[in-house]
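The values are calculated or read from the model by the stated rules, or taken from the named source; none is laboratory data. It should be emphasised that the depicted structure is a prediction, and the values quoted were computed from it without experimental measurement. Cβ atoms come from the backbone with ideal geometry, glycine included; neighbour counts cover every protein chain shown. The accessibility values were calculated without ligands, DNA or RNA, using every heavy atom of the protein model including side chains. Shrake-Rupley method; radii C 1.70, N 1.55, O 1.52, S 1.80 Å.
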Amino acid sequence: MCPFCGCGCNLILNSKDGQLVKVTPQKGTIVNQGSLCVKGSFGYDFVNHKDRLTSPLIKENGAFREASWEEALSLVASKLADTKSKYGADSIGGLSSAKCTNEENYIFQKFMRAAIGTNNVDHCARLCHASTVAGLAAAFGSGAMTNSIAEVEYADVIFAIGSNTTDSHPIIGIGVIKAVRENGAKLIVADPRKIRLTEYADVWMRQKPGTDVALINGLMNVIISEGLEDKDFIANRTEGYEDVKQAVAEYSPDKVSEITGIPKEDIISAARIYAKADRASILYSMGITQHVAGTDNVKSMANLAMLTGNIGRESTGVNPLRGQNNVQGACDLGALPNVYPGYQKVVDDAARAKFEKAWDVKLDNKVGLTVVEMIKAAYAGKVKALYIMGENPMVSDPDLNKVEKALESLDFLVVQDIFLTPTAKLADVVLPAASFAEHEGTFTNTERRVQRLYKAIDAPGDAREDWRIVCDIAGRLGYQMSYDCPADIMDEIALVTPIYGGMGYERLNGVGLQWPCLDKSHPGTKFLHQDKFARGLGKFFPVEFKAPPEWPDAEYPLILTTGRMLFHFHTGSMTRRAKALDEHIPEGMVELNPADAKRLGITHNERVKVSSRRGEISIKAQVTDKVGEGVVFIPFHFAESAANTLTIAELDPVAKIPELKVCAVKLERI
Ligand code: SF4
């Protein structure tokens, strides 16, 4: 399986003499049907890179030295045990990884809960789709993509909002374009940037970043005013409609146009196209979720789909496109501070009793800290030790100068990774892990499909699979976690995780299974909420527009928005070491509109300083009409010009996701 985005494409790794030499697409698969994007095709050689960690490292007098596994693991265990006995289990935090397998995420959260004794476990879903999990669970009872990737092609209308689909989820992007070109689907795009999908759009709405709630309320206002709502669906399948109807009455097209900057004719036209479709599918991604209003945005998506009955049928639905290859699985398997595997709540006595029995240990009954909360607690001296498995907060988290200070102030930091990332450089102990090509396991893609990956080559040097490392540390802490292989871990997962109840390695061969898959005879689930929502009735939530926490002013007059690009991935630790990809795009850039460039006297390709109230970076300017006037865009893949030095760590009050999509900056010539 591809190690990059959440599409979960299948591929064949070709190896020779223990090195990967080529990737070829696998024919006959459901997800990618033999296609791969540029990352899947040419992004694999990071696995062979000379920078791979091959031995445990221990820092002494500010420099790393190589160490044996025995020495490194004993040191980690003794430091964690000391911290726990001095300050309590909640002084330790753990970051699991959306890059690791389901089995490894299960093992890591079990380690934090059972061996350490805290619910302080989280991972980067907090930075991308925590608001999806919260918002869709509240509205529908399940926080996942409702439909399947293959269904997108057969929708009558596709509404892509806050999703640069062709760059961030290229195989799904191909499906959208195919739907438009070959199947006559209509396409509505809402995005502050001119992206490839806007070329194919019947309506492109360029909203001001952070105004999505107003936009969706405006669409619902038009639909209700024109009597286009699905009255039967609302009456039979939902609750709370009258409150939403009342709330959106205030959002006339004129008012929404003023808030969002979108011409009112486009709002009306988009509302009519979406509401009149027989099968309309919403696709959204981090443009919707990475806001302090992220949960509100997601609830708005659910409101719109229920208003028009576009849920619970093929080629409809509310479809969050998950970013990393296993971010869905890391959530499913409980690498979250409030839930055990299968979204069973840690505050629920029955759920906790079940896991106490299964794991033979007493468990903590309070919700733990999220990613950003752990960093803030470290900064405040409350979290003393962190165990980071395969995450890179020194590039991915907001307000990086503070993140660095927080990590430096820890008593003990252990990082487990395949490279010496900017985060690993700050560690006291670094543990070398195996890459995706070097071990067995499963990943769950964005459409809830659990698929197997197979070992192609051995890990370099002494690097080992993450699950083995975690189990070894647990044993040294006096809590035994013994498994012969990942298949055994999956068997345990199936016993305690109802949505994975029917999973097992033999059944997962081939195209895998989509959860919920409740028992060994269950075929898996292509789309959710067919006759009944997971929570019974779908729930409408009235949502009011609130302005983002930081808006441009005289000192910082531009809106910064951040995102991904086709040739790189996430914090760049893999794609920056993939030769073809990094040669094509070797450095970051700030996109700015020609009018802003002219006003500031900035020319194309000139280096500029971008600063916010939290820090500054130097970066190349790209003058382009991809962004509107007053807005600049920086991809967040480049550690040397890290966009997140500038972003703001204000959090969504429900999902605790930070505001990574809107902050105020200024640009200056250097
Ligand atoms: Fe990999 Fe995503 Fe590209 Fe598929 S679309 S090849 S999963 S990066």
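Leaving out ligands and nucleic acids, and using a 1.4 Å probe, what accessible area per residue does the chain come to in Å²?
Details: 23100 Å² over 670 residues.
It amounts to 34 Å² per residue over the chain.
Which order do peptides 331-343, 510-522 fall in by mean Cβ count within 10 Å, highest first? Could the numbers behind the result be given before it?
Numbers: 331-343: 25.4, 510-522: 17.2.
Result, highest mean Cβ count within 10 Å first: 331-343, 510-522.
Quick query: amide H of residue 589 versus all other amide H atoms, modeled in the peptide plane; which residues come in under 5 Å with a sequence gap of 5 or more or a different chain?
none
Would you work out what percent of the accessible area of segment 293-373, with all protein chains in place, is carbon or sulfur (probe 1.4 Å)?
On the way: 1100 of 2190 Å².
On segment 293-373, the fraction of accessible area on carbon and sulfur atoms equals 50 percent.
With the Cα gyration tensor of segment 17-169 in hand, convert its eigenvalues to equivalent ellipsoid semi-axes via √(5λ) and list them largest first in whole Å. Before the final figure, lay out each step's value.
Values: eigenvalues 282, 142, 33 Å².
Its equivalent ellipsoid spans semi-axes of 38, 27, 13 Å.
Too long at a 32 Å Cα-Cα cut-off: which of 39/598; 208/366; 86/354; 16/526; 276/626? Don't skip to the end; give the middle numbers.
Details: 39/598 35 Å; 208/366 39 Å; 86/354 30 Å; 16/526 38 Å; 276/626 30 Å.
The pairs that break the limit, which is 32 Å between Cα atoms, are 39/598; 208/366; 16/526.
How far is the Cα center of segment 379-422 from the Cα center of segment 529-544, in Å?
38 Å
Can you give the three extents of the C-alpha atoms in segment 146-320 along their principal axes, from longest to shortest, in whole Å?
That works out to 39, 34, 28 Å along the principal axes.
Among the lysines, which fall within straight-line cross-link reach of residue 539, defined as a Cα-Cα distance under 19 Å, with same-chain neighbours fewer than 8 residues apart omitted?
Filter leaves 231, 245, 299.
Only loop residues by DSSP count here, and only those with at most 11 other Cβ atoms within 10 Å; note down the chymotrypsin sites (Phe, Trp or Tyr not before Pro) in segment 73-154 that meet that.
Working: sites: 87, 106, 108, 111, 140, 154; in loops: none.
Sparse-neighbourhood loop chymotrypsin sites (Phe, Trp or Tyr not before Pro): none present.
Evaluate the distance, in nm, between pseudo-label points positioned 7 Å from the Cα of residue 626 and of residue 278 along their respective Cα→Cβ axes.
Reported label-point gap for residue 626 and residue 278 is 3.8 nm.
Report the net charge of residues surrounding residue 261, where surrounding means a beta-carbon distance below 12 angstrom and charges are Lys +1, Arg +1, Asp -1, Glu -1.
Working: positive: 206, 208, 264; negative: 258, 266, 629.
With Lys, Arg at +1 and Asp, Glu at -1, the neighbours total 0.
Gap in Å between the Cα centre of segment 191-241 and the Cα centre of segment 443-502?
Value for the Cα centre distance between the two parts: 41 Å.
Counting Lys and Arg as +1 and Asp and Glu as -1, what is the net charge of the other residues whose Cβ lies under 15 Å from the Cβ of residue 57? Please list the in-between numbers first.
Working: positive: 52, 59, 65, 79, 425, 464; negative: 51, 60, 66, 70, 71, 417, 428, 462.
Taking every other residue near residue 57 into account, the sum is -2.
Which of the helices in the chain meet the span-like rule: DSSP H, Cα axial reach of 24 Å or more, Kyte-Doolittle mean at least -0.5? Please report the intermediate quantities before stating the final value.
Numbers: long enough: 69-87 (27 Å, -0.34).
The qualifying helices are 69-87.
Find, among the GluC sites (Glu not before Pro) in segment 525-619, those assigned to loop by DSSP (not H, G, I, E, B) with at most 15 other beta-carbon atoms within 10 angstrom.
Numbers: sites: 544, 550, 555, 583, 587, 591, 606, 616; in loops: 544, 550, 555, 587, 606.
In loop regions of segment 525-619 (DSSP not H, G, I, E or B), the sparsely surrounded GluC sites (Glu not before Pro) are 544, 555, 587, 606.
Hey, what do the phi angles of segment 512-523 turn into as Karplus ³J(HN,Hα) couplings, whole Hz, using 6.51/-1.76/1.60 and θ = phi - 60°, x for Gly and Pro?
Karplus-based 3J(HN,Hα) across segment 512-523 equals x, 9, 9, 7, x, 9, 7, 8, 5, 9, 6, x Hz.
So for the chain, averaging the separation of alpha carbon pairs under 8 Å that are six or more residues apart and normalising by length, what relative contact order in percent results? Display every interim value, and only then the final one.
Working: 1620 pairs, mean separation 137.9, N = 670.
Taking the mean separation of contacting Cα pairs over the length of the chain, I get 21 percent.
Within segment 579-660, which trypsin sites (Lys or Arg not before Pro) sit in a loop by DSSP and count at most 13 neighbouring Cβ atoms inside 10 Å?
Listed in order of number, the matching sites are 613.
Based on Cβ point charges of +1 for Lys and Arg and -1 for Asp and Glu, what charge dipole magnitude is obtained for segment 201-304 about its Cα centre, in debye rounded to the nearest 20? Please list the in-between numbers first.
Working: 11 positive and 16 negative charges, 47 e Å.
The calculation lands at about 220 debye.
Using the Cβ atoms and a cut-off under 11 Å, what net charge is assigned to the surroundings of residue 306, where Lys and Arg are +1 and Asp and Glu are -1?
On the way: positive: 237, 299, 539; negative: 229, 230, 239.
In short, 0.
Please report how far the C-alpha centroid of segment 125-175 lies from that of segment 34-70, rounded to the nearest whole angstrom.
A separation of 31 Å, based on Cα centres.
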